[in-house]
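Have a look at the structure below before the remarks.
The values are calculated or read from the model by the stated rules, or taken from the named source; none is laboratory data. As the structure is a computational prediction, the values presented were derived from the model and not from experiment. Cβ atoms come from the backbone with ideal geometry, glycine included; neighbour counts cover every protein chain shown. For the accessible areas, the whole protein counts, side chains as well, though only heavy atoms, and no ligand, DNA or RNA atoms are used. Shrake-Rupley method; radii C 1.70, N 1.55, O 1.52, S 1.80 Å.
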Amino acid sequence: MARFEEGINSDRQVSDQIAIVPGSAAQIAGPVSLSEVLLQDLRVERTHAQILTIGQDVQWRMPAIHLPILYSILEGTIRLHMPGEDPVDLGPGDNALLFYGDAHQLGRGAAVENGIAPVVQTQMPELIERRQVGRGTTQAVVLQSLLELTYVRKNAHVSRAAPDLLILRAPKDGDAEIPFKSFPYSGRQLARDMDGPGSLALVSVFANMQLCYALKQWSARLWGENVHDVRCPNMRRVATVVREIRAHPDRPWTVAHLARHVGLSRSAFAAAFHEVIGESPIAFLTRSRMERAATLLRTDSLSMYEIAQRVGYPIESSFARAFKRHWGVPPRSFSDKVEGDGAEGESAEKGEGATGR
């Protein structure tokens, strides 16, 4: 899949930021950025799609392929298993985007039915195939879309800049904590609309919308509101490193290791990273680890040793010193403060409730 890698070639200057000036034409107000890549290079050209009705007794197993895969849950619930990732339960309105088409399984049953990579056809079929997988009560009805993109670099599966798996959850009231949201849709309505001529075109547009929405959110997660020139090779190399650090803070990263990972010398990588991020690779690594440690202290019942291991510190005392330097308090004090704040919040709520009565 094309990603934030080298080689997005275009002479046109299209920006994510357009300044509207009264009485004049729109003025470009930023560098070439994400919109150009999404509109020109990461567009879905063709979709190989089928609707799977998966029974309770079976798992749908797909081998690794070199196409992005989008699963959209139309009805029911299903579990997605992918090597290296925790199993994920998906429900109506959810989407799972497997950027690199890695091997995976859908379902909980004991029997296995194998899927196959699509045969590339000169003329695309007009109708979408509907397939029954397994027997008995239905687990879920799932739209499987295999995506052919406009532009794919030869090294796309070597230096991965996007996440292997991105889960887009159906938006709900009070969903501010959902990391990535699906573009809202009705599964039942979509299933009904995928009958008759034009169905494949509809699925291609739907898949392109979900892909664009996913990548826009992922970019915002990495860079916030900052606008970057995503055609800059060093920008894409830094994006790869940022993703790896945030996904795997437990690994024994060094600047030399990170530089080799993206094919730069140590000095060139350090300079490029500081230019894009605004701090050194080690400072960013430490900050990412400390932020992850704080999240674990707030949300998980783990020992200090376990937390230290999960954020890349094999020795607990080294972790404690680094945490105190970053946050100003030892991790145990930070944990106690979090618990204390939670208790105070509950007491305040109870007090307000009593006053209201």
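With the requirement that a residue be open to solvent by 40 Å² or more (accessible area, probe 1.4 Å) and closer than 26 Å to residue 223 by Cα, what does segment 284-327 give you?
Taking segment 284-327 first, the residues open to solvent by 40 Å² or more (accessible area, probe 1.4 Å) are 286-287, 291-292, 295, 298-303, 305-306, 309-310, 314-317, 321, 324-327.
286, 287, 291, 292, 295, 298, 299, 310, 325, 326, 327, listed by residue number.
Looking at segment 269-282, which of the residues that are open to solvent by 60 Å² or more (accessible area, probe 1.4 Å) and touching a residue at least 12 places away in the same chain (Cβ under 8 Å) is farthest from residue 334 (Cα to Cα)?
Selected residue: 275.
Here is a check on your reading of the model: is residue 51 at pLDDT 85 or above and assigned to a loop (DSSP other than H, G, I, E, B)? Explain how you work it out, then say what you get.
Working: at pLDDT 85 or above: yes; assigned to a loop (DSSP other than H, G, I, E, B): no.
Spelling it out, it is not the case that residue 51 is at pLDDT 85 or above and assigned to a loop (DSSP other than H, G, I, E, B).
With the structure loaded, tell me whether residue 75 is acidic (Asp, Glu), assigned to a strand (DSSP E or B), crowded, with 16+ Cβ neighbours inside 10 Å and modelled with pLDDT of 50 or more or whether it fails that test. Walk me through how you get there before you give the answer.
Numbers: acidic (Asp, Glu): yes; assigned to a strand (DSSP E or B): yes; crowded, with 16+ Cβ neighbours inside 10 Å: yes; modelled with pLDDT of 50 or more: yes.
Judged against the criteria, residue 75 is a match.
From the list 222, 285, 264, which residue is in contact (Cβ under 8 Å) with a residue 12 or more places away in the chain, more than 29 Å from residue 48 (Cα to Cα) and outside any helix (DSSP H, G or I)? Please lay out each step first, then the result.
Details: 222 fails: outside any helix (DSSP H, G or I); 285 fails: outside any helix (DSSP H, G or I).
Within the list 222, 285, 264, the selection yields 264.
For the condition closer than 21 Å to residue 43 by Cβ, part of a helix (DSSP H, G or I) and at pLDDT 80 or above, what is the one hit in 166, 143, 147, 190? Spell out how you get there, then give the answer.
Values: 166 fails: part of a helix (DSSP H, G or I); 143 fails: part of a helix (DSSP H, G or I); 147 fails: part of a helix (DSSP H, G or I).
Testing whether each residue is closer than 21 Å to residue 43 by Cβ, part of a helix (DSSP H, G or I) and at pLDDT 80 or above leaves just 190.
Return the residue satisfying two criteria in turn: it lies in segment 94-109 and is over 16 Å from the mean Cα position of the chain (by Cα) and open to solvent by less than 10 Å² (accessible area, probe 1.4 Å), and of such residues it is farthest from residue 133 (Cα to Cα). Working first, answer last.
Taking segment 94-109 as the starting set, the residues that turn out to be over 16 Å from the mean Cα position of the chain (by Cα) are 103-109.
Among the residues that remain, those that are also open to solvent by less than 10 Å² (accessible area, probe 1.4 Å) are: 104, 106-107, 109.
On the way: 104: 16, 106: 11, 107: 10, 109: 11 Å.
Looking at residues that are over 16 Å from the mean Cα position of the chain (by Cα) and open to solvent by less than 10 Å² (accessible area, probe 1.4 Å), I get 104.
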